[in-house]
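Values quoted throughout were computed directly from the atomic coordinates according to the rules given, and no laboratory measurement underlies them. In this text the structure is predicted, and so the values were computed from the model without any measurement. Glycine also receives a Cβ, built like all others from the backbone with ideal geometry; neighbour counts cover every protein chain displayed.
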Amino acid sequence: MAKNDIVIVDNIVKERINSKTPSSDLGEVFEFFAFEQVLKDYDLSVDQIIDGVTDGRNDGGIDGFYIFINGNYLEDVKSFMWPKKSCEIKIYILSAKHHDTFEKALLDDQYSTICELLDLSIETKNFKTQYNDELVSKRDFFVEAYRRTSANLVSMEIDFYYLSRGDSDIVGENVVARANQIKAEIENFFSECDVSYSFFGSSELIKQYRKNKDFKLKLKYSKVLNNSGHNFIALCPIGEYFNFITFSDKKLRRYLFDSNVRAYMGLNRVNDDILESLKTNISIDFWYLNNGITILATGARDLGNYIEIDNAQIVNGLQTSETIFHYFSNYDVRNIDRNILVKVISETSNEIGDSIIKATNNQTAVSVATLHATDKIHRDIEDVMLKNDLFYERRINYYYNQGKELNSIFSPLYLASGYLALVLKDPLGARTLKEKFMNNPFIYRKIYDERDSLNIWPKIAVILRKTDNFIEKKRLKKGFKSYEGFLKGTRYIISLIAVSSQLGDFNFSSKALISFNTNKLTDKLYIDIWNLVAEGEKKEFDKSTWRKKAFLDVCLSKAAQIYAIKNLNSVTRRNQITALIMKDTDEMDDKLINLIDSELPEQPWKPGIHRILAKKINIYPQKVSDIISYLIFTGRRLVQKDGIVYDVNGNILLIDEERVDKDTLKLKETRPVQEKK
């Protein structure tokens, strides 16, 4: 290892601490930096890197666990688009320590862990060792992935990486021996599995760090069919296109596909046909059999046999590109001079570019939700954020790749959660929100309400970030997975109380939020609110407590009394959105929804109405309850709690006087009183 490599790594880490990428903790910053380098070829977003972190208490010596199916990161087993054929699983198990050596103690922990974790005959409940929720969740994902793909599994790899600032040429024999034991143990579990254990030190980290994403690339052509100056239609040799989409080490430049709405589907029927046309039909030029590639660019020029392309993004042709990559990587390639049709379109307008992305991706069945990044509302949010020197990452890594500070970058999920907490007054739903909410058109339209002023989005961003910057100081345990979990668990309730305390109203309007002066969010205010909500958390942060509605209601009630905040019920009664988020409401049957709506009596209905309807219709009561929540959420029915019906502003409309005292608004005693003997 070169002597200065460790100095360079330390300087990079120091710069990232200053920019809080992802936090200001030395160990966490090094860990994130190291993971980012190992996984660089996958071009994961910051949120995805954090999602795979398992570091913290009871991590079993494993700091990161990442599963890739056909090169696509497995973030959610329910919404993942599982390939039908030719599945490839690759798992990265990472550990990063800010040491200048590689120590055997870590591998001892890992050996004990993998003996349980990767033995699929052991159920989670039967583990002898206690592991944290993040690690167990990733193990469950792996079990599910293996189950779903085993019938069509063509390859599986498990790669261990021990990352430190040390010299990988100087690793103790006992450490290497332990690594070999880990490999052998895994090979006993999976007969057809390639296992590796790598020691990654400063030299390897620097080499990966310098592997830059080059967005100005040259593509060799054999013939230009159309040239309008900066837009081209050309025939390019397949071998030259393969070189265009790969690094010098022949790994795929995945960052070129950030704007493509599909994930690679493996060798399904269509991709099988593409592969067969590459392997056979040699006498027929490839472009006769294929729709080709569309590349969006900010500029392009003809250099004679080459098209030089600025900021290339392959917006259509991922399946073809990945199949070509698969072909060149796994087969004896012949006749590489066959051509592929490539369109290069130079457009600087985001709106036109997004239109091209949507149009070129509507030729086969794709979920509408995957195209939402190109919706006008998201372009508008991006524009209004830019005017406030904030960056809306509607396209993965778009601003992060430009070197913008992480503290100024906001993902769609982050802001949508903030909207749910501050505008829809549902902080509990905000902490559980996942990207799959975009699959539900009703929740999607509720959050991205075009009647709202766009100025609400930068205000939400500033409020949440100020809250994060405060509560980061209150972290009670290390490891940036717990760091992110800690922020996510606390930011929404604290943000809502902070704003409400200054406006004197929990049910503040969007207009009031937009005009809110964020300078009122002082450290003193945050400290007072922290002491209020952490009263029941004196020993240690427990995310299972913070996610409970009862705990939330107690905190809000305390805040209402201390700060004289009115309209408490506008928050405590709003749990219908949370109920929808926790369920797969996109799978609800429209006929069943309409049937239950028609069978429901006029409000206020009596307790147990869901059980009465469930028995009548012959379905589960919980399903009826979910649909009633859905009807309330979509405005087809009104909010009802304990015999009282409210309008959208929290005003009382109707009272069930058989159950509720109209003067006190409390439930009457319904149990029969026994006579005294």
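Some observations on this one:
- Quotient of Cα Rg and 2.2 N^0.38 Å for the stretch 5-209, N being how many residues it contains: 1.01
- Phi angles of the stretch 106-119 translate, via the Karplus equation with coefficients 6.51, -1.76, 1.60 and θ = phi - 60°, into HN-Hα couplings of 5, 5, 4, 4, 4, 4, 5, 5, 5, 4, 9, 5, 9, 8 Hz per residue; Gly and Pro are given as x.
- Of every Cα-Cα pair in the stretch 590-677, the percent that sits beyond 19 Å: 47
- Rounded Å value of the spacing that divides the Cα centres of the stretch 161-226 and the stretch 23-76: 15
- Those trypsin sites (Lys or Arg not before Pro) in the stretch 7-113 that DSSP places in a loop and that have at most 12 other beta carbons within 10 Å: ARG57, LYS78
- Taking each of LYS85/LYS434; LYS14/LYS216; LYS40/LYS138; LYS250/LYS404; LYS511/LYS662; LYS207/LYS466 in turn, the alpha-carbon distance tops 24 angstrom for LYS85/LYS434; LYS14/LYS216; LYS250/LYS404; LYS511/LYS662; LYS207/LYS466.
- Neighbour-limited loop hits for GluC sites (Glu not before Pro), the stretch 116-169 (at most 13 other Cβ within 10 Å; DSSP other than H, G, I, E, B): GLU123
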